[in-house]
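Undergrad: Here you go, one structure.
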Amino acid sequence: TRHNLARVLHDLGELEQARSEFEAVLAHERVVLGDTHPGTLTTRHNLARVLHDLGELEQARSEFEAVLAHERVVLGDTHPSTLSTRHNLAALQQPRAVD
């Protein structure tokens, strides 16, 4: 699937291509599944990870926060996906080490 292709591109460091794929998948999922479907939330989470890796930290934070709000309602506070999003959001808030 295109979602898997986007994940592979992300893993290969092809961040702009991964972003484009995730955005295309997300646009389709929003129409077909809706904004709060677990599959849509997973795509949004993965897109936020790409945004983070691209250095677009404010946009990544905003996306993680939006995903987390939906996950808490749809999946609950202790669901593994919710916890993963909380973890990634918390990691964004940590200061980066300076070389």
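Undergrad: As an exercise: evaluate residue 18 against (1) open to solvent by 50 Å² or more (accessible area, probe 1.4 Å); (2) modelled with pLDDT of 95 or more; (3) assigned to a helix (DSSP H, G or I) and give the number of the one condition it does not meet.
TA: Unmet for residue 18, out of (1) open to solvent by 50 Å² or more (accessible area, probe 1.4 Å); (2) modelled with pLDDT of 95 or more; (3) assigned to a helix (DSSP H, G or I): (1).
Undergrad: For the range 5-14, indicate whether the set of residues that are under 13 Å from the mean Cα position of the chain (by Cα), open to solvent by less than 20 Å² (accessible area, probe 1.4 Å) and aliphatic (A, V, I, L, M) is non-empty.
TA: Yes - at least one qualifying residue is present in the range 5-14.
Yes or no, residue by residue, for (1) of a type in the set (D, E, K, R); (2) under 13 Å from the mean Cα position of the chain (by Cα); (3) surrounded by fewer than 17 Cβ atoms within 10 Å (Cβ to Cβ); (4) in a helix (DSSP H, G or I):
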{"residue": "26", "(1), (2), (3), (4)": "no, yes, no, yes"}
{"residue": "31", "(1), (2), (3), (4)": "no, no, yes, yes"}
{"residue": "39", "(1), (2), (3), (4)": "no, yes, yes, yes"}
{"residue": "42", "(1), (2), (3), (4)": "no, yes, no, yes"}
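Undergrad: Quick one: which residue in 51, 68 is free of Cβ contacts under 8 Å to residues at least 24 places away in the same chain, in contact with a helix residue (DSSP H, G or I) (Cβ under 8 Å, 6 or more places away or on another chain), surrounded by 15 or more Cβ atoms within 10 Å (Cβ to Cβ) and of a type in the set (A, V, I, L, M)?
TA: Every option except 68 fails the conditions.
The values are calculated or read from the model by the stated rules, or taken from the named source; none is laboratory data. In this text, all values refer to a predicted model and were calculated from it rather than measured experimentally. A quick note on method: Cβ atoms are made from the backbone with ideal geometry, for glycine too, and the neighbour counts reach across all protein chains shown. The protein model used for the area step is the full one, side chains on, heavy atoms only, and it has no ligands, DNA or RNA in it. Shrake-Rupley method; radii C 1.70, N 1.55, O 1.52, S 1.80 Å.
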